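Before any comments, here is the structure.
Nothing in this text is a laboratory measurement; each read-out follows from the coordinates by a stated rule. Please read all numbers here as calculations on a predicted model, not as lab measurements. Because the Cβ atoms are built from the backbone with ideal geometry, glycine has one as well, and the counts that use them run over all protein chains shown.
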Amino acid sequence: MKSQDIRSQFLSFFEEKKHSIVPSAPMVLKDDPTLMFVNSGMAPFKEYFLGHAQPKNNRIADSQKCLRVSGKHNDLEEVGYDTYHHTLFEMLGNWSFGDYFKKEAIAWAWELLTEVFKIDKDILYVTVFEGNEEDKLPMDTEAFELWSAFVDRDRILKGNKKDNFWEMGDQGPCGPCSEIHVDIRSAEEKAKIPGKDLVNQDHPQVVEIWNLVFMQYNRKANGSLEPLPNKHIDTGMGFERLCMVLQGVQSNYDTDVFTPIIREVEVITEKKYGVNEAEDVAIRVICDHVRAVAFSIADGQLPSNTGAGYVIRRILRRAVRYGFTFLDKKEPFIFRLVDVLSKKMGDAFPELKTQKQLIENVIKEEEQSFLRTLDQGLVLLNRIVEETSGNTVLGEKAFELYDTYGFPIDLTALILAEKGLHLDEKGFNEELQKQKNRSRAASEMSTDDWTILQQDDVEEFIGYDTLEATVKITRYRKVTSKKEGDMYQLVFNLTPFYPEGGGQVGDKGYLEDPHGDVVYVLDTKKENNVIIHFTKNLPKDVKQTFKAAVDGKQRYRTECNHTATHLLHQALREVLGSHVEQKGSLVRSKHLRFDFSHFSKLTTEELRDVENFVNARIEGRLPLIEKRNVPKEVAIADGALSLFGEKYGDTVRTIRFGSSMELCGGTHVKNTVYIWHFKIVSESAVASGIRRIEAITNDAVKDFYFDHDRVYFKMKEMLNNAQEPVKALHSLQEENSNLKKQIEVLLKDKAKNMKGELEAALTEINGIQFLAKKIDLDASGIKDLAFEMGSKFENLFLLFATEQDGKALLSCYISKPLVSEKGLNAGQVVRELGKYIQGGGGGQPFFATAGGKNPEGIAEALEAAKKFLI
Ligand code: ATP
Ligand code: MG
C-alpha cells in the first residue's frame, strides 16, 4: 500500500467514527512558550486539554508534522544511525476531549491495525502501566482487561513510569498510556529470542508504533496528582514506522516516503545506498534533514542565529557535514533534493509546492555559507595543529573553533585523527559544560500553581472596542526567574489588554484599585488561549474590583504601524508582484518591520512607489471595516489574505481598508488618516529570497525628519555654510584622497632609506644576521620591510618593535633555512617576548606578531631577543 493511501485510510477510519479531520498545525506554535517546535500530535490541542477552549467537535483526527530536535524530545543524534527515528515525522492521531475514553480508544486502535490494515496479531505486543509507589499510582488494570479482549495475555506487557506514564510537563494533565509495538524480525530471529524480551530495548525491528495516552490526572506544582474532571484521549502513531510495517520492509528509509529522495542522492553523489555503512548513515541523515528543513522554511521558520531558527540551521549543517565528510560533497547539493520532495509530498502538504523556489534558495545559500565556514575552519585547524607541540590538541582550542567559528567538533576529531593527533575530549566537554551552565543559570525559572479566585470559563477580550474596563482577577501565580526576579501573572474575567500576537506587541498599562493604589501591567501575552498580564507586584487585595487601563498612547502608535503594515503588504504586491508573501512582521509603537519573499534588492524607484502607494491610501482617508466571526472559508473566498504558518480558528476576523483585506487579530486605527505619514527607513536582505523593510509612521516620522534636518544643518555649518554642500563635501573627499596618495609615496621613500640604515646595523651572531630595533612604521609597513630584507639574506633574524596609540607591537622575521635547520620559530619568539609588553600573539614559524598594552616593555623585549640565537 502506498504511503499516501495509508495516511488517508487512517483519517477516513476515524472520520467514520465521527471525528473531524483537521489539517496539521504549523510546526512553530506562537502562543506556547514551553515549546520551540511541535514535538507531538497533542501540542496544538493543549488549550483543549487545559480547558482554556472548547473544540467544535470533541473528536478530532489528523496527521501532525512533528520535529524532535530540542528539549524533552531530542532524537537528533540518533537520526541516520538507526532506521526508525527522524527529526521531522508525521504523527497520526485521534483525540477525544472529554468524550470517549480507554474502551473505545483501545478497541478502535486494534480494529484499525488488525482489520483495516490487516497486520498479523502475532507480530503485535501491547504495554500497560505497572503502577508506581512514589506517586501512589495503581497498575492500569482497566487497560489490561480491555486489551485482553483482543490480545493474548502473555502479549500484554507491564511497563514502568518512564515508558508508560505520560506527562505534559512538570505540571498539568497526565496519565497512564499503552504502547503498541511490532516485531518484524524473521521467523529464524524470533526463534532465538522471544519478541517480548526486545520490547522497549531499542531493537531496530521491534519498535513502538503507536502510543495511546489516557489523560486522567492533573499534576500540581508541588508534585501531587488530582483526578481530572474531564478525561481525554491522546494517541500518536508514527506514520513512517506504520508504512515500514505495511510495506513489509525493515527500515523507514526503505518505504516510499524516503526511497525517491535516496535515489536522487545516489544520482547526485554517485554513491550507492546499502553498500557502505558510513555512507548509508550520511545518506539517511541527508534525506531526513532535508525534509525537516524544507518543512520548517515552508512554515515560515527560516534558519537564523537564534532560537528556533538556529536549531534549523544546525540540522541543515549536520546534513552538509555528513555530505562533506562521507560523500565527498564540497559544493551545495541538498537544495537539489527539494524538487523530488515537493513532488512526492506536495499533495498532502501543498506548501512544499507553492514555496519550492524559496525553500531551494534558502537551503542553497545556507549550504554555501556553511561550506565557507568549513573552509575557514580547516585553515584555523591547521594553524592549531602547527602550534601544537605534543600529540594532543587542547580541548580549549577545539572549543574555540567550535564556539566562535561554528566548526563541528566531530570533524575536528576526525581530521586530527587523520593527522595522528589526539583531541583532548575531556577538556572540550568541560568547556562545553561550563558554557551550558552559564546559559542555564541565566534562564532558570520556577512557576507556582495558579491561585484560583473565581472559576471562569473564558476570559473575554474587549480591547477592540475599549481601552478601559472594570475587571476582577480570576487567577494569578508567581513566576521567579534569575534574570527578572519575581513577577506575577494575572488573568482577568475580561480584559482590554491586547496580548502579543500576529506580530503586534502586547499592551502595557495599569490596574487601579478603589483606593487609588496602582500596579503596572508591563506586558500582555497569550499562552494556550489564555491572556496573561505581567506585573512586578501583586495588588494589595486581589479580590477587589479594579480599573484596568491600557496605555492609550502606545496603543495608538502601535495601531498606526499595524494598519500601515497592511497597506505596505498591499503596496508590495502591487508594485513588485503577487509572488510577494509575508514572511514575518513586527509591529511596535516606535516602528514596524516587515519580511517578505522577493528575489532582488528593491530599487530606489520601487521603494518610492511603495511609499507613495501607502501614503496615497493614508491621504485617501480609508475607514476601517472590521468583521468578526466570519467563517474562514467565506473570508478567503472574499479575497482576504491569510498567512501560511499561522494557526487560524474556524471563524476569523477580517480587516479591510479600501481594497486591502487580511485575516487579522490585531488592533487598527479607525481611519488611515490617523497614520499621518509613512516612511521607509531601511530595506535589506534577511536570507536568500527574503527582504526586510523597516518603516515608521506618525510622530516617529516627525522625529525622523527633525533629526535629519539637524544633521543637515550641522554638516552645512561644518562646510562653512557652502551654498552647495554636496559639492563642497565632494571636493573635500577628493582632497583627502590626493593627500593619502602623497603620504603613501613619502612613506615608501622613508622605508627605502630605512632599509639601507637597517641593513648597515645588522650584526652577525653565530652566523646569523641579527637585528632587534624599535622603528617608526605601521604593521603592514614593517611586514613589507622585513620581507624585502628577507629576500636579500638567507640567514636573517629580525625583531622589530613599534609603538602606536599607546600600544606595542612586536614583529619577528626568521629566514626559512634557519627555521628548518636551527629549529627557530617566530611564533614562539613573539609569544615569549610578548610577556614584556603584556600581550600575546602568534603566526607562522617564519613571521609572527604580538600586540600588547605595555610599550614600556619594548626595550626589555628587544634586549631579550638575542637569547634565541645563543
Ligand atoms: P521511541 O521510544 O521509539 O523514541 P517515543 O516513546 O519517543 O518512541 P512517543 O512520544 O510515544 O514515542 O510518540 C508516539 C509515536 O510517534 C511513537 O509510537 C512512534 O511511532 C512515533 N515516533 C516517536 N518519535 C519518533 C521519531 N523520532 N521518528 C519517527 N517516529 C517517531
Ligand atoms: Mg522517543
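Each part gets one Cα centre, and for the stretch 730-790 versus the stretch 629-707 those centres are 60 Å apart. Convex hull volume per residue, computed on the Cα atoms of the stretch 1-85, equals 115 Å³. Eigen-decomposition of the gyration tensor built on the alpha-carbon atoms of the stretch 388-443 gives equivalent ellipsoid semi-axes of 24, 11, 8 angstrom, largest listed first.
Think of each Lys and Arg Cβ as +1 and each Asp and Glu Cβ as -1; about the Cα centre, that makes the dipole of the chain roughly 1540 debye. Centre-to-centre separation between the Cα atoms of the stretch 450-527 and those of the stretch 540-594: 19 Å. Note: the stretch 3-250, Cα convex hull, 131 Å³ per residue.
Number of Lys-Lys pairs in the stretch 715-791 with C-alpha atoms under 26 Å apart and a separation of 8 or more places or on different chains: 29. A cut-off under 13 angstrom between Cβ atoms defines the neighbours of residue 389, and their net charge, with Lys, Arg +1 and Asp, Glu -1, is 0. Under the simplified labelling scheme, the residue 513-residue 619 pair shows an inter-label distance of 5.4 nm, with each label point 7 Å from Cα along Cα→Cβ.
Between the helical axis of 3-16 and the longest alpha-carbon principal axis of the chain there is an angle of about 40 degrees.
Residue by residue through the stretch 516-530, which ³J(HN,Hα) values in whole Hz follow from phi under the Karplus form 6.51 cos²θ - 1.76 cosθ + 1.60 (θ = phi - 60°), with glycine and proline marked x? My calculation for the stretch 516-530 gives x, 6, 10, 10, 8, 8, 8, 6, 9, 9, 10, 10, 6, 6, 10 Hz in order. Debye-formula intensities of the stretch 555-705, expressed as log10 I(q)/I(0) at q = 0.17, 0.19, 0.21 Å⁻¹, are -0.96, -1.20, -1.43 (one equal scatterer per alpha-carbon, no solvent). Distance from the Cα centroid of the stretch 230-285 to that of the stretch 169-218 is 20 Å (rounded to whole angstrom).
With 19 Å as the limit on Cα-Cα distance, the pairs of 30/525; 525/679; 65/329 that go past it are 525/679; 65/329.
Amide H contacts for residue 21 (H built 1.01 Å from N in the peptide plane; partners 5 or more residues away or on another chain; cut-off under 5 Å): 61.
Counting only Cα atoms, the stretch 749-868 measures 34, 33, 21 Å along its principal axes, largest extent leading.
Principal axis extents of the C-alpha atoms in the stretch 52-166 (largest first, rounded to whole Å): 39, 38, 37. Distance distribution note for the stretch 258-378: the fraction of Cα pairs above 24 angstrom is 22%. Here the ratio of the Cα radius of gyration of the stretch 759-827 to 2.2 N^0.38 Å is 1.10. Computed as a quarter of the hull surface, the mean projected area of the alpha carbon convex hull for the stretch 141-190 stands at 4.9 nm². For the stretch 343-398, the Kirkwood estimate of hydrodynamic radius, built from reciprocal distances between every pair of different alpha carbons, is 14.6 Å.
For the chain, the residue among 92, 390, 274 whose Cα projects farthest onto the positive side of the dipole built from Cβ charges is 390. Normalising the Debye intensity of the stretch 137-286 to I(0), with uniform scatterers on Cα atoms only, and taking log10 at q = 0.15, 0.17 Å⁻¹ returns -0.92, -1.04. Once the Cα atoms are used to define both axes, helix 395-405 deviates from the longest principal axis of the chain by about 80 degrees.
For the chain, the longest principal axis of the Cα atoms and the long axis of helix 277-298 meet at an angle of about 70 degrees. Near residue 219: Cβ cut-off under 11 Å, other residues only, Lys/Arg at +1 and Asp/Glu at -1. The net charge is -4.
Loop-located trypsin sites (Lys or Arg not before Pro) in the stretch 224-328 (DSSP state other than H, G, I, E, B) with a sparse environment of at most 16 neighbouring Cβ atoms within 10 Å: 272. The 3J(HN,Hα) values that the Karplus relation (6.51, -1.76, 1.60; θ = phi - 60°) gives for the stretch 658-670 are, in residue order, x, 9, 8, 9, 9, 6, 7, x, x, 9, 9, 6, 6 Hz. Gly and Pro appear as x.
Radius of gyration (Cα atoms) of the stretch 357-502, expressed as a multiple of 2.2 N^0.38 Å: 1.79. Backbone phi angles across the stretch 596-606, fed through the Karplus curve with coefficients 6.51, -1.76 and 1.60 (θ = phi - 60°), yield HN-Hα couplings of 8, 7, 6, 9, 9, 5, 6, 7, 4, 5, 4 Hz in residue order; Gly and Pro are listed as x.
Sequence gap at least 6, Cα distance under 8 Å: using those rules, report the relative contact order of the chain to the nearest whole percent.
7
Neighbour counts of other Cβ atoms within 10 Å put 520, 498, 674, 273 in the fewest-to-most order 520, 674, 273, 498.
Summing charges over all other residues whose Cβ lies under 12 Å from the Cβ of residue 545, with Lys and Arg as +1 and Asp and Glu as -1, gives 0.
Looking at the chain, what % of the alpha carbon pairs are farther apart than 42 Å? Summing the P(r) of the chain above 42 Å gives 51 percent of all pairs.
In a DSSP loop and with at most 13 other Cβ atoms within 10 Å, the trypsin sites (Lys or Arg not before Pro) in the stretch 482-565 are 482, 483, 536, 540, 543.
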